[in-house]
1. With the structure loaded, tell me whether residue 56 is in contact with a strand residue (DSSP E or B) (Cβ under 7 Å, 6 or more places away or on another chain) and closer than 26 Å to residue 154 by Cβ or whether it fails that test.
2. Just to be sure before I move on: is residue 139 out of contact with any helix residue (DSSP H, G or I) (no Cβ under 7 Å at 6 or more places or on another chain), farther than 19 Å from residue 215 by Cα, surrounded by 13 or more Cβ atoms within 10 Å (Cβ to Cβ) and at pLDDT 95 or above in the structure I sent?
3. When only residues in segment 114-132 that are under 17 Å from the mean Cα position of the chain (by Cα) and touching a residue at least 40 places away in the same chain (Cβ under 8 Å) count, which is farthest from residue 204 (Cα to Cα)?
4. Filter segment 125-136 down to the residues that are assigned to a strand (DSSP E or B) and either over 19 Å from residue 221 (Cα atoms) or touching a helix residue (DSSP H, G or I) at 6+ places or on another chain (Cβ under 7 Å) (or both) and list them by number.
5. When you go through (1) farther than 19 Å from residue 203 by Cα; (2) out of contact with any helix residue (DSSP H, G or I) (no Cβ under 7 Å at 6 or more places or on another chain); (3) without any contact (Cβ under 8 Å) to a residue 40 or more places away in the chain one by one for residue 57, which number turns out not to apply?
6. Applying the selection to segment 189-220, what residues are under 15 Å from residue 160 (Cβ atoms) and surrounded by fewer than 21 Cβ atoms within 10 Å (Cβ to Cβ)?
7. State all residues of segment 71-95 that are touching a strand residue (DSSP E or B) at 6+ places or on another chain (Cβ under 8 Å) and either under 20 Å from residue 165 (Cβ atoms) or buried (at least 19 other Cβ atoms within 10 Å of the Cβ) (or both); if no residue qualifies, say none.
8. Only residues that are exposed (fewer than 13 other Cβ atoms within 10 Å of the Cβ) and in a helix (DSSP H, G or I): list them for segment 142-151, please.
């Protein structure tokens, strides 16, 4: 069972939005250039509804079954993002139900998404997940695999690669992750400069509760905030 501390979601949202604005001002950017994704994985629908009441319309989930369950319970149109590791046998539940898949980390997965999108006669927006820090415990393409991945999937007709995503290491000092965020931004710029057919990327999904301000200063266009909005989870 998961227990939640009493949290003031409205106050938390205001705080996160203010910190996003401040980070944008420090780096000469517009707050409207950064999308706040409320990471609602494991959170009850009641908390999601409270976020909606406070103006949040973009949510991130990491389990196919949980996402489809919440879609059935919440009738309000929302932008759902899939941010977790995606298995190929779960692709059919995600394609068509999400605005963006953040966690594509293999050509085979990209091909499965493309095939499902073709069946549904849609184009599916995706991000390539990059394991920038090379952590064995995390999914994602190795840094030296990204160029080949982009080239190999560029011919797929029913997906569109919109950008890059990374999950930086968990650190006490967010400044330690600045080099990873900067690397990802430079990687996106470099790939765009190569003028690969059908590839034009504009999204950098990077930064979580502990480091999203540094990520914004380094060019993040999407930040994924869970604990900062919903509070800590306690498992019993």
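The values are calculated or read from the model by the stated rules, or taken from the named source; none is laboratory data. Fair warning: this is a prediction, and the values are worked out from it, not measured in the lab. In this analysis, Cβ positions are derived from the backbone assuming ideal geometry, glycine residues included, and neighbour counts consider all displayed protein chains.
1. Numbers: in contact with a strand residue (DSSP E or B) (Cβ under 7 Å, 6 or more places away or on another chain): yes; closer than 26 Å to residue 154 by Cβ: no.
Answer is no for this residue.
2. Judged against the criteria, residue 139 is a match.
3. 132
4. Hits for segment 125-136 are 126, 128, 130.
5. For residue 57, the exception is condition (1).
6. Within segment 189-220, 192, 196, 197, 198, 199, 200, 201, 202, 203 qualify.
7. Result: 78, 79, 80, 81, 82, 83, 84, 85, 86, 94, 95.
8. 144, 148
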